[in-house]
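Undergrad: Got a structure here, written out as structure tokens. Questions coming.
The values are calculated or read from the model by the stated rules, or taken from the named source; none is laboratory data. Here the structure is a predicted model, which means the values were calculated and not measured. Counting neighbours? That spans all protein chains shown, and the Cβs are built from the backbone with ideal geometry, glycine included.
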Amino acid sequence: MRDAGIADGDELVVDRGLGAEDGRIVVADIDGELTVKRLKRTATGWLLQAANPDFADICVESKSELNIWGVVTCVLHAV
């Protein structure tokens, strides 16, 4: 999530009580793997959008395949 201001080694504050709305950065469980991506609504379902060209976006065709663990609310940068 480099282009969203999140670098390797940073710590994230995640609120599990917030709704996962379009455009929010979320921690998502997809196929048993956790990932941090921006949640985007598409015509066919959901997109987990990477903010780093080294990582691919993930298309999710049904929300049942996607489990949002929480919404990122703060980034604590590593020193």
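Undergrad: Starting from the stretch 3-20, take each residue that is free of Cβ contacts under 8 Å to residues at least 60 places away in the same chain and list its partners that are surrounded by 11 or more Cβ atoms within 10 Å (Cβ to Cβ) and assigned to a loop (DSSP other than H, G, I, E, B), counting only C-beta distances under 7 angstrom and pairs at least six apart or across chains.
TA: Between residues of the stretch 3-20 that are free of Cβ contacts under 8 Å to residues at least 60 places away in the same chain and residues that are surrounded by 11 or more Cβ atoms within 10 Å (Cβ to Cβ) and assigned to a loop (DSSP other than H, G, I, E, B), the close pairs are ASP3/ALA51; ASP3/ASN52; ALA4/ALA51.
Undergrad: In the set GLY32, GLY9, GLY23, which member is within 12 Å of ILE68 (Cα to Cα) and loosely packed, with under 12 Cβ neighbours inside 10 Å?
TA: Details: GLY9 fails: within 12 Å of ILE68 (Cα to Cα); GLY23 fails: within 12 Å of ILE68 (Cα to Cα).
Criteria check complete, one pass: GLY32.
Yes/no matrix, rows are residues, columns are (1) aliphatic (A, V, I, L, M); (2) surrounded by 13 or more Cβ atoms within 10 Å (Cβ to Cβ); (3) modelled with pLDDT of 90 or more:
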| residue | (1), (2), (3) |
| --- | --- |
| THR44 | no, no, no |
| GLN49 | no, yes, yes |
| PHE55 | no, yes, yes |
| SER64 | no, no, no |
| THR73 | no, no, yes |
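Undergrad: Okay, moving on. Filter the stretch 22-53 for residues that are touching a residue at least 40 places away in the same chain (Cβ under 8 Å) and charged (D, E, K, R) and give the result.
TA: Residues satisfying the conditions are ARG24, ASP29.
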